[in-house]
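Notes follow once the structure below has been shown.
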Ligand code: WTA
C-alpha cells in the first residue's frame, strides 16, 4: 500500500475510513514498517487512567526502520547532510550506510560504558551529526534518550537528569552558534554537582574549548570510538523492543510547576512520525528536506531524525543560526544543497522578513517545491512573504499544528492535496478526531465556531505518560474534559470547516516558538533576593510572536532599576536559560488580586498588550487602586 495520499478525494476517503475503522486503518499503515514480530492487538485504550497501547505484542527496533532496511537498495543515499555554523567550514554528508556504521559504533561505545536497555541517557549536544548518531545509538540498544536543548541552563539540565535518573550524559566541549562558542561541558559540570545518578560523561570534541575532564567519570568520545575500532568494529545488532517500550523522554513546559517528561514509545511513534512526514510533505525519493529546528525540541526528534529517516529521506541539519553571518544564511543553504522542502518557524520567517529583501533577492531558490511552518500561529504578512519570496507562489505551505505530546502533526495540510489558507492548519490528518468544546466541556458543533481544542480518539504518536508521574499526565491532559485529550490550545473552525489555531488558552507562553510556562518564569524571578513577588504574562511581539512581560514587586532598598532588571534577567538565565529572560520588567508596588488572593492575569495581560481601554470588572479586586498605578507604569515603560 502506498502511504501517500494523492488527491483531495483520496484524503476524504482515507479520513473517512480512518475514523470509521481506526484499528484497520492504522494496522494497514503499520504494514509499511519493518517489525520483527507483528502485534496481537492494534489498540487498547481509555482516556480515564489514561491507558494508551498501540500494536501490543509487536517487536521492533526503530533504528532498523530508520537505517538497516534502507541499506540494500539505498545505502548510498545521503541520510544526513550537515551544514556547519561557519559557512567556510566544510559540510558533511552521511549516507545511510555510513550513518548505520557510525550508529553501531557508538552503540558499542555506550555498551562499553555500561549502558543497558532501559537506562536513561541525557544528551546535551550542539547541532552536529553526532547528535543524531547519539540519539539513534540509544534507540538501537534500547536506552531511553532525554535530549536537552543547548540553550537550557545547568539548573534545568540538573532538574531533567534527576527527574529521569539518568546514568550517563553525552555532551561536547562546546558548540558554535553565530559568533558564540557555548561551553556545553562546563554547563554540564555545573549541573552534575547536583546529580548523583550520573556515572559517566562522554565528551565530543567540537570547539576544543578547554574543559575539565574528571578522572573516572569523564571520557572523550573520540577515545571511546578508538577502543571500539581496536576491538575490530564489531556490528551492534539492534535490541528487540516491545512496541510499547519507552523510546524517549522529552521535557516540556506546562502551566504549572516544573517541566514534565513527555514519554513516547517505540512502535506508535515510529508509525505516526513516518506516516505524517511522508504525507504532509509528499516526500519524493531524492528530495533534500531541510528542517531548521533544533533536535533539542520535538520538531527535531520527529522531523529531522525519526520521521525522515524511517522514510529513507535526505535530512539536512544546520548547526548555526539564520542571521549569521547575515540574514541570507538559510537561502545560501537552500541554494548550495538544492533544498526541495524547507520547514521552519514563523519567528524565523518574521526575523528574516524584517532584515529586508536584499538578503533573499538574487538567491537561487528554484529548487524549492514545498514549504512548512510550525510552532506558533503564523500571521498573514509572514505567510505571504514566505509564499512569494521563498516559494515564488508555487510551493504549497503546510502549516503543521502539533505538540511535544502529540509526537507528530495532527492538523495540517497535505502539500498539493489540501487547499491552504494563510494562518490555517486546515484539516485533521487521517486518524485524528478533533473537537471543539466550551468551558464546560460541551461539544461545539457546526462551522464558523470557536472553542477549546480537544482530541477524542487516540492516535499512535500520542504521549503515553509523563515520566515518573502518571497522575500528572492524567491531570494535565485528561482531566479538564471527560474522555478527551485537552491540547491547551484555542481554535476556530471556519464556515468551510477549516481549523485555525488561535494560541494557548492556559498559562503557557510561546516565545519564538518555544514553550515556556509563566509559573516557571515567575519561580525563577522570585529566586532573586530582591524580589518579593512577580506575575508573568505574554504580550504580542513583532518577531518572537509573544514576548515575556514581568510585573515585579521588589524590595525597596535598591535604587538602580535598570541594574535590578539585569540582575533579574541573569537570575532567570541561570535558573532556566536565556530563552526565558523577560523582554520587559515593570516594577510595581502591588499586583491586582482578588479577595481570595488570586492574581487577575486577565488585567495584567491587557495592560501588557497596551490595551487599557476596557479592563473589565475590577470591583472584585482587593485594592482596585493598584490597577491605575500599573497602567501608568506600563505607559512609562513603553516610553
Ligand atoms: C503551538 C511544537 C499555531 C501550539 C511542535 C501548541 C502552533 C504548541 C502550531 C506546542 C501551528 C504549534 N499553529 N500554533 N502550526 N504548531 N503550535 O510542544 O500552541 O513545542 O500547543 O510543539 O505550539 O509546542 P511544542
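One table, with the values for the structure above:
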item: Hey, residue 466 at pLDDT 95 or above, crowded, with 24+ Cβ neighbours inside 10 Å and not assigned by TED's automatic domain parsing to the domain that holds residue 572 or not; result: yes
item: Within the stretch 221-304, strands (runs of 3 or more DSSP E) holding 3 or more residues that are within 16 Å of the ligand (Cβ to nearest atom); result: 246-252, 260-265
item: Selection within the stretch 373-383 - touching a strand residue (DSSP E or B) at 6+ places or on another chain (Cβ under 9 Å) and more than 9 Å from the ligand (Cβ to nearest atom); result: 379, 382, 383
item: Those residues of the stretch 389-412 which are more than 10 Å from the ligand (Cβ to nearest atom), out of contact with any helix residue (DSSP H, G or I) (no Cβ under 7 Å at 6 or more places or on another chain) and not in a helix (DSSP H, G or I), in sequence order; result: 391, 392, 394, 395, 396
item: Residue match in the stretch 353-371 (condition: within 16 Å of the ligand (Cβ to nearest atom), within 23 Å of residue 299 (Cα to Cα) and touching a strand residue (DSSP E or B) at 6+ places or on another chain (Cβ under 7 Å)); result: yes
item: Tally of residues being within 11 Å of the ligand (Cβ to nearest atom) and touching a helix residue (DSSP H, G or I) at 6+ places or on another chain (Cβ under 7 Å) across the stretch 475-510; result: 2
item: Some residue of the stretch 426-441 being within 12 Å of the ligand (Cβ to nearest atom) and either surrounded by fewer than 18 Cβ atoms within 10 Å (Cβ to Cβ) or at pLDDT 95 or above (or both); result: yes
item: So residue 321, is it surrounded by fewer than 24 Cβ atoms within 10 Å (Cβ to Cβ) and in contact with a strand residue (DSSP E or B) (Cβ under 6 Å, 6 or more places away or on another chain); result: yes
item: Filter pass, residue 358 being surrounded by fewer than 24 Cβ atoms within 10 Å (Cβ to Cβ) and part of a helix (DSSP H, G or I); result: yes
item: Failed item in (1) within 16 Å of the ligand (Cβ to nearest atom); (2) buried (at least 24 other Cβ atoms within 10 Å of the Cβ); (3) in a helix (DSSP H, G or I); (4) within 19 Å of the chain's Cα centre (by Cα), with residue 386 passing the rest; result: (4)
item: Helices (runs of 4 or more DSSP H) fully within the stretch 523-639 counting 3 or more residues that are at pLDDT 90 or above, buried (at least 17 other Cβ atoms within 10 Å of the Cβ) and out of contact with any helix residue (DSSP H, G or I) (no Cβ under 7 Å at 6 or more places or on another chain); result: 561-575, 601-609
item: Given (1) crowded, with 21+ Cβ neighbours inside 10 Å; (2) touching a strand residue (DSSP E or B) at 6+ places or on another chain (Cβ under 7 Å), index of the condition residue 278 fails; result: (2)
item: Single unsatisfied condition, residue 453 versus (1) under 23 Å from the mean Cα position of the chain (by Cα); (2) part of a loop (DSSP other than H, G, I, E, B); result: (2)
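The values are calculated or read from the model by the stated rules, or taken from the named source; none is laboratory data. Quick caveat, the model's predicted, so the values are computed rather than measured. Virtual Cβ from ideal backbone geometry, glycine too; neighbours counted across all protein chains shown.
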